[in-house]
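Working notes, beginning with the structure itself.
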Amino acid sequence: MYVGHCPGMLSTDQQSSDGLHADTVRPGPIDNSDIISNGSNCDGNDLDIHRTLQEETDYVLVPQEVWERLLEWYKGGPELPRKLISQGVGQKQYSIEVYPLSLKVTDARDNSVSIVKLSKKATMSELYELVCKVKGVEQNKACIWDYFNLKKHTLLTASDHQTLEDANMTMDHDILLEVSVDTDRSSHSGVHSIGNELALVPLEPPRSSVSIAGGPTLSNGHSTGSGFNLYQGSSVSSSLTTMDDNYDIYRGERGGLAGLQNLGNTCFMNSALQCLVHTPPLVEFFLQDYNDEINRDNPLGMSGELALAFGDLLRKLWSSGRTAIAPRAFKGKLARFAPQFSGYNQHDSQELLAFLLDGLHEDLNRVKQKPYIEMKDSDNRPDEEVAYECWKNHMARNDSLIVDECQGQYKSTLVCPECGKISITFDPFMYLSLPLPSTVTRAMTVTVFYCDGSGLPMPYTVNVLKHGCCRDLCQALGTACCLKSDEMLLLAEVYENKIYRYLENPLESLTSIKDEEHIVAYRLKNGARKTKLEILHRCPDNVKGGDRKIFGTPLVTYLVEDPQYGANIEAYVHRMLAPLGKAHSSTRSHEGKENGFISGGSDEQSSISNSESEPRNLTHGSRELEGTSCGDSSFQLALTNDGCFSCEPIEKASVIKPSAHIKVFLDWTEREYELYDASYLRDLPEVHKTGFTVKKTRQEAISLFSCLEAFLTEEPLGPDDMWYCPQCKEHRQATKKLDLWKLPEILVFHLKRFSYSRYLKNKLDTFVNFPIHNLDLTKYVKNKEGQPYVYNLYAISNHYGGLGGGHYTAYAKLIDDNKWYHFDDSHVSPVSEAEIKSSAAYVLFYQRVGSKSQMEGETS
């Protein structure tokens, strides 16, 4: 970075000497023009930026004070101010509104179209004020209509209490301005005159009478049919029924074939909703009178509003024939109760599904007062007894349609790695997130360091199973480097010349190690391990101001002496650096060097030959080195803390405070550079270097069963998910084993296609072969009740493309006619059963064979 770390903001005259790197080219002026989509001829508040931009990739958000200082230093622009807004109900969440609403104003006088921009949190009064200012009309003569899809819907009232978000205004929304000579807006009777011409289009009457919490009714009071038993002639109405989403009541035409309009990057929502509204138990429930099931007093729910909004939308989709629906009202409710889905950025359909299922459950929870229940330990009781108790306790607090149809139960076994304590619990689940294992091996390159000074650092490439664990990697490396019976390997990840983490749990999955990371293995003696000594190298470069830059790969060993003195530390440093001594360059010149390391491949014979011959020469050489200038010299060592922020010089007589982990800086001077070859510490190879010219192999195919088995495989908890052991009274990185105990009627599988690391995000396009009919999971269920668990597929949420974009669609089966359809936002088309299998499949929806709703659908 050009601007260095400064204790405070610098003035213009200070920055050139104190805060900036003299050897770095000064940046040019700030240039935001490439992210602006409509030029730079208007004020900053009116500037649009491209809607596909990613924060931290294409732009960063800075406070106003920081912007002003950067502008003072570097000039440029243009300025793009954005507002901080609050979202949600109850506990407010605050975010920057990067994309204010852009509204299209149609003037009824001449049909001209203007654009106005303002926050979705702006009030209707502010909208009236801005539109009238832009069009040059008096507010008392203006009427603004919701003109969604270029049809008049609702008259918008100039209110200080209703926001644009409350009125379901979306990006690029159309509104209609009408100007009347009549100054009294409250006296409108449906027609306004401008001169002798009519300026107001008559409002379309509602095309249906719909009772949202009751059944969709026709004029004769009888409900329509859709293959389910509908509640007849309910009189219950809903405040959610508005004219902004007009639709036709199903009159003989098949329901369930309506698309959903894309409101702006809402394909993820449309995909998730189409899967849910084609879930047979939900269709049957929401097409009947469910008003008595609404729980408006649940503090964990949404006062029933989410269930009402979902029910309203489901009825429209099942009664509109093939007319696409604009889910504006539902989107507004979603933004209100789940601010993370507000705005018009792309989101994850599975995350939305998880929220919707949980929200629907709480809004439909039959339990009005949740009792407090203290969970008991299993205490070696039979699994059947513990499972029944856990489910009974769960049902005492959670009882809804979602629990009845969508919730199962799995057995979770935790084992403490220290004391062996076993904890067994039975937990409910609403969906299963399955990893995608690979059927092929993975080549991994790891650099082995000899901590006793017997050899040079050497990279080894070994092949391990992609879904293996650290123990598998250590075994493969041990074979490659001829590890002795009294030796062990300590794995560590090196990031920015520091050890980011030690991989000491043998059961940690290798999937946590990404190809672009740098992994080292320290070859150590078995036995008593008291103190871990970690040596970090600092070069003499850029010492201005007392700062030294850390370089190279840290050296690690175990200290066995107690207490520790500075002289002990120095002796260990001599021993570990000995192989790097330049006095031995002639003995290894024939080996050759590649990227700062002795070249070593995955060939076992080559690796064995190198590791057997090298240490003999170096061991003799290290004795010579200790008796000469290197042995007589004193290193510049300094004790530091875990964050490497402190620095305390170490003398030979210094007493080192006992600790499980000691970090020491080794300051390299010209003398060290003369004695040792530091190139062996630099340029660690990546775990796997992918060449740009490598030909892509044939697409892998794995089965859904292998994904499920990987999900059920024992694995250690992550460092951020430690378990509190009641016996040790400490948080431990326990091993966890999951087993299926009870499966629901509706079973949802989430295929974990997206992986994340500090360096990059990745999507797996692996093809998963999943059964469409007769998915038999009976053998995976540990509950021995003798019930078969066989499922048929009925819906899929698909994701096409990569991260930061892509597109979601859905496949859904109409149970009553046994046909599949493709739902791509507004477009709905039939597809064959053979077409629904693809590598885009992301969330799979199965219904148990023989379930009540399935049998009713087949009968109809």
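The values are calculated or read from the model by the stated rules, or taken from the named source; none is laboratory data. Since we're looking at a predicted model, the values are computed, not measured. Note: ideal-geometry Cβ built from the backbone for every residue, glycine included; neighbour counts use all protein chains shown. Quick note on the areas: whole protein, heavy atoms, side chains included, nothing else; ligands and nucleic acids left out. Shrake-Rupley method; radii C 1.70, N 1.55, O 1.52, S 1.80 Å.
Please state which one of TYR502, TYR522 is closer than 26 Å to HIS574 by Cα, within 34 Å of the chain's Cα centre (by Cα) and open to solvent by 20 Å² or more (accessible area, probe 1.4 Å).
Numbers: TYR522 fails: open to solvent by 20 Å² or more (accessible area, probe 1.4 Å).
Within the list TYR502, TYR522, the selection yields TYR502.
Examine the stretch 477-497 for a residue that is free of Cβ contacts under 8 Å to residues at least 40 places away in the same chain, assigned to a strand (DSSP E or B) and open to solvent by less than 10 Å² (accessible area, probe 1.4 Å), and state whether such a residue exists.
yes
So, in the stretch 314-345, exactly how many residues are open to solvent by 10 Å² or more (accessible area, probe 1.4 Å) and over 27 Å from LYS370 (Cβ atoms)?
11
LYS120: more than 23 Å from GLY28 (Cα to Cα) and not in a strand (DSSP E or B), yes or no? Talk me through it step by step, then tell me what you get.
Numbers: more than 23 Å from GLY28 (Cα to Cα): yes; not in a strand (DSSP E or B): yes.
Against the criterion (more than 23 Å from GLY28 (Cα to Cα) and not in a strand (DSSP E or B)), LYS120 qualifies.
Are any residues in the stretch 684-707 at pLDDT below 85 and surrounded by 14 or more Cβ atoms within 10 Å (Cβ to Cβ), and if so, which ones?
So in the stretch 684-707, the residues at pLDDT below 85 come out as 684, 687-701.
Correct list: LEU684, VAL687, HIS688, GLU700.
Among what's in the stretch 114-164 and is among the small types (Gly, Ala, Ser) and either farther than 12 Å from LEU176 by Cα or surrounded by fewer than 16 Cβ atoms within 10 Å (Cβ to Cβ) (or both), pick the residue that is farthest from the chain's Cα centre (by Cα). Steps first, please.
Within the stretch 114-164, the first condition is being among the small types (Gly, Ala, Ser), and the residues that meet it are 114, 119, 122, 125, 136, 142, 158-159.
Pick out the ones that are also either farther than 12 Å from LEU176 by Cα or surrounded by fewer than 16 Cβ atoms within 10 Å (Cβ to Cβ) (or both) and you get 114, 119, 122, 125, 136, 158-159.
Working: SER114: 38, SER119: 27, ALA122: 31, SER125: 38, GLY136: 47, ALA158: 40, SER159: 39 Å.
By that ranking, first place goes to GLY136.
Within the stretch 454-470, is there a residue that is of a type in the set (S, T, N, Q), open to solvent by less than 30 Å² (accessible area, probe 1.4 Å) and out of contact with any strand residue (DSSP E or B) (no Cβ under 7 Å at 6 or more places or on another chain)?
Step one: filter the stretch 454-470 for residues of a type in the set (S, T, N, Q), giving 454, 461, 463.
Next, from what is left, pick out any that are open to solvent by less than 30 Å² (accessible area, probe 1.4 Å): 454.
Pick out the ones that are also out of contact with any strand residue (DSSP E or B) (no Cβ under 7 Å at 6 or more places or on another chain) and you get 454.
Within the stretch 454-470, one or more residues are of a type in the set (S, T, N, Q), open to solvent by less than 30 Å² (accessible area, probe 1.4 Å) and out of contact with any strand residue (DSSP E or B) (no Cβ under 7 Å at 6 or more places or on another chain).
Of a type in the set (Ser, Thr, Tyr), in contact (Cβ under 8 Å) with a residue 24 or more places away in the chain, open to solvent by less than 40 Å² (accessible area, probe 1.4 Å) and closer than 30 Å to ASN265 by Cα: is that true of TYR800 in this structure?
Numbers: of a type in the set (Ser, Thr, Tyr): yes; in contact (Cβ under 8 Å) with a residue 24 or more places away in the chain: yes; open to solvent by less than 40 Å² (accessible area, probe 1.4 Å): no; closer than 30 Å to ASN265 by Cα: yes.
Considered against the rule, which asks whether it is of a type in the set (Ser, Thr, Tyr), in contact (Cβ under 8 Å) with a residue 24 or more places away in the chain, open to solvent by less than 40 Å² (accessible area, probe 1.4 Å) and closer than 30 Å to ASN265 by Cα, TYR800 comes out as no.
So, in the stretch 289-313, how many residues would count as being over 28 Å from GLN261 (Cα atoms), open to solvent by 40 Å² or more (accessible area, probe 1.4 Å) and either among the aliphatic types (A, V, I, L, M) or in a loop (DSSP other than H, G, I, E, B) (or both)?
4
What tally of residues in the stretch 349-390 results from selecting those that are in contact (Cβ under 8 Å) with a residue 60 or more places away in the chain and more than 18 Å from LEU300 (Cβ to Cβ)?
Final tally of qualifying residues: 8.
So, in the stretch 723-736, how many residues would count as being part of a loop (DSSP other than H, G, I, E, B) and either touching a Leu at 6+ places or on another chain (Cβ under 8 Å) or free of Cβ contacts under 8 Å to residues at least 12 places away in the same chain (or both)? Don't jump to the end; show me each part of the working.
Keep residues of the stretch 723-736 that are part of a loop (DSSP other than H, G, I, E, B), which gives 726-729, 733-734.
When the remaining residues are screened for being either touching a Leu at 6+ places or on another chain (Cβ under 8 Å) or free of Cβ contacts under 8 Å to residues at least 12 places away in the same chain (or both), the result is 729, 733-734.
Going through the stretch 723-736 one residue at a time, the tally reaches 3.
Looking only at the stretch 148-164, count how many residues are assigned to a loop (DSSP other than H, G, I, E, B) and more than 17 Å from LYS120 (Cα to Cα).
Of all residues in the stretch 148-164, those assigned to a loop (DSSP other than H, G, I, E, B) come to 151-154, 157-162, 164.
After this cut, where a residue has to be more than 17 Å from LYS120 (Cα to Cα) as well, the list is 151-154.
Within the stretch 148-164, residues that are assigned to a loop (DSSP other than H, G, I, E, B) and more than 17 Å from LYS120 (Cα to Cα) number 4.
For (1) within 30 Å of GLY802 (Cα to Cα); (2) under 30 Å from the mean Cα position of the chain (by Cα); (3) open to solvent by 20 Å² or more (accessible area, probe 1.4 Å), each residue gets a yes or a no:
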| position | (1), (2), (3) |
| --- | --- |
| SER349 | yes, yes, no |
| PHE355 | yes, yes, yes |
| ASP363 | no, yes, no |
| MET375 | no, no, yes |
| ASN380 | no, no, yes |
| GLU389 | no, no, yes |
| GLU418 | no, no, yes |
| LYS421 | no, no, yes |
| ILE424 | no, yes, yes |
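Can you confirm whether LEU814 is touching a Lys or Arg at 6+ places or on another chain (Cβ under 8 Å), in contact (Cβ under 8 Å) with a residue 12 or more places away in the chain and surrounded by 13 or more Cβ atoms within 10 Å (Cβ to Cβ)?
yes
Would you check which residues across the stretch 391-403 are surrounded by fewer than 16 Cβ atoms within 10 Å (Cβ to Cβ), touching a residue at least 12 places away in the same chain (Cβ under 8 Å) and assigned to a helix (DSSP H, G or I) and list them?
Those that are surrounded by fewer than 16 Cβ atoms within 10 Å (Cβ to Cβ), touching a residue at least 12 places away in the same chain (Cβ under 8 Å) and assigned to a helix (DSSP H, G or I): ALA396, ARG397.
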